[in-house]
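Contents: one structure, followed by commentary.
The values are calculated or read from the model by the stated rules, or taken from the named source; none is laboratory data. Owing to the predicted nature of the structure, the values given are computational and were not obtained by experimental measurement. FYI the Cβ positions are ideal-geometry reconstructions off the backbone, even for glycines, and counts take in every protein chain you see. We work out accessible area using only protein heavy atoms, side chains counted, and drop any ligands, DNA or RNA first. Shrake-Rupley method; radii C 1.70, N 1.55, O 1.52, S 1.80 Å.
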Amino acid sequence: MKRREIVDTARGWLGTPYRHQAATLGAGCDCRGLLRGVWRQRYGDEPMEVPNYRADGRDVRHAEGLRHAAETLLARADELQAGQVVLFRLGRTTAPRHCGILVAADRFIHAQEGLGVIEA
């Protein structure tokens, strides 16, 4: 099943250290880099270039970049299922600034500063 394969691929990234804007298995990634790396492993080349973005999320030039990429490349879902990408707003931001991959309706894999890639 494709969803299980996505989850298995994402779990292969567990323990990868956090590195802003990186996307290299075992060496480092941030939340977007995790998605990029899993995409490359499952599907090959990345379908779009990712612009530089600030770690603190205050880059208004690219505030909607994560949402735009998700709307362009992924299908919207009505219910939470393993293997899906989830986007999050952090603090009082209006645009999503964080993302991860669901492993169950109540658990996901993501890259967190200071912890690296974890399942939470």
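Say whether the condition of being modelled with pLDDT under 95, part of a helix (DSSP H, G or I) and open to solvent by less than 50 Å² (accessible area, probe 1.4 Å) is met by at least one residue in the range 47-67. Yes: the range 47-67 contains one or more residues that are modelled with pLDDT under 95, part of a helix (DSSP H, G or I) and open to solvent by less than 50 Å² (accessible area, probe 1.4 Å).
For the range 6-46, give me the residue count where each residue is open to solvent by 80 Å² or more (accessible area, probe 1.4 Å) and under 20 Å from Arg107 (Cβ atoms).
Going residue by residue through the range 6-46, those that are open to solvent by 80 Å² or more (accessible area, probe 1.4 Å) are 8, 11, 19, 25, 40-43, 45.
Keeping just the survivors that are under 20 Å from Arg107 (Cβ atoms) gives 8, 11, 42.
So the count comes out to 3.
Taken as a whole, the range 76-84 holds at least one residue that is more than 21 Å from Val117 (Cβ to Cβ), in contact with a helix residue (DSSP H, G or I) (Cβ under 9 Å, 6 or more places away or on another chain), open to solvent by 60 Å² or more (accessible area, probe 1.4 Å) and not aromatic (Phe, Trp, Tyr).
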